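Here is the structure we will look at.
What follows draws every value from the coordinates through simple rules; no lab data is involved. Bear in mind that the values here come from a model prediction, so they are computed numbers and not experimental data. In this analysis, Cβ positions are derived from the backbone assuming ideal geometry, glycine residues included, and neighbour counts consider all displayed protein chains.
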Amino acid sequence: MRPSDYIHLTLCMVEFFQGTGTLWSSEAAPDAAPRAVEGQSVGPCDGRADRTMKTQYYTATSLDGFIATEDDSLDWLFPLGDPNSSGYPEFIADVGALAMGSTTYEWILRNAAKDSPEAGPVWPYTQPAWVFSSRELPAVEGANIRFVNGDVRPVHAEMQAAAGSKNIWIVGGGDLAGQFYDAGLLDELIIQIGSATLGKGKPLFPRRLLHPVLRLVSVRQIGAGMVELRYVII
Ligand SMILES: NC(=O)c1ccc[n+]([C@@H]2O[C@H](COP(=O)([O-])OP(=O)(O)OC[C@H]3O[C@@H](n4cnc5c(N)ncnc54)[C@H](OP(=O)(O)O)[C@@H]3O)[C@@H](O)[C@H]2O)c1
């Protein structure tokens, strides 16, 4: 066992005994991915044990599988939970590069400009970002953004080089995450499921993944409004 594993394991045990409701569930070596135990919550310590870079689709969805309404509203999402009481702060600290589709980018621009319309949008990420579009989109001054089009594989290689040992975040939408999956480049799904249904909207992940493609490695309750599930793609 490496010294860093001892530190990691200790942190996990402290977290568990402090009553955060998370539990290290791997019985053997900490290098092995923890098992999900029915009826118990596990993680978030699982991901932190593995220092190799991952490509992760991290998103929130309604209970019926939509990440936004048909007209791209997220207003239904915000009352469900505070991102800071989820795994988001730990997650984003390990992100070295991110990618999104044009609808998500345009949503961010619209909403980032709401607070101070006269100053223009404030880009929320410090990591380099890749935005997929077949159109010419407005840039954000001072933001580290590249506009790309087409095959995700060369873009992923660029992102890997920029991210170094950190992870790649596929912000969304669902089909873009699916394109990375189709290319064999997606390692994990981290999905926060809200206690709300939308009936229709933008799909979480419009692909068919049948057992045993997804292995559940952690379950984390976020208040009464959300649960975070973490899956490894095998
Ligand atoms: N619930 C959450 O946590 C969460 C997270 C992320 C996003 N969202 C929301 O979910 C919605 C997602 O929208 P969406 O499903 O339309 O997905 P999107 O990925 O944000 O945008 C899709 C668009 O991106 C462009 N695109 C995708 N792949 C491309 C490729 N390989 N090459 C070139 N262009 C490509 C295409 O548009 P063009 O070519 O026409 O530009 C495509 O129509 C947004 O409203 C967003 O705000 C929610």
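Quick notes on this one:
- Our summary gives region 118-234 a relative contact order of 20 percent, counting only alpha carbon pairs under 8 angstrom and 6 or more residues apart.
- Under 5 Å between amide hydrogens, built in the peptide plane, is the criterion, and for Ala60 it picks out Gln192 among residues at least 5 positions away or on other chains.
- Relative packing of peptides 63-70, 186-193, 150-157 - highest average C-beta neighbours within 10 Å first: 186-193, 63-70, 150-157
- For Ile145, residues with placed amide H under 5 Å, excluding near neighbours: Ala129
- For region 82-205, the gyration tensor built on C-alpha atoms gives a rounded shape. Its axis ratio a/c (a ≥ b ≥ c) stays under 1.5.
- Whole-Å distance, taken between Cα centres, linking region 55-90 and region 131-199: 16
- Under 15 Å, Cβ to Cβ, from Trp76 - net charge with Lys/Arg +1 and Asp/Glu -1: -3
- Relative packing of 137-147, 76-86, which averages over residues the other C-beta atoms within 10 Å, highest first: 76-86, 137-147
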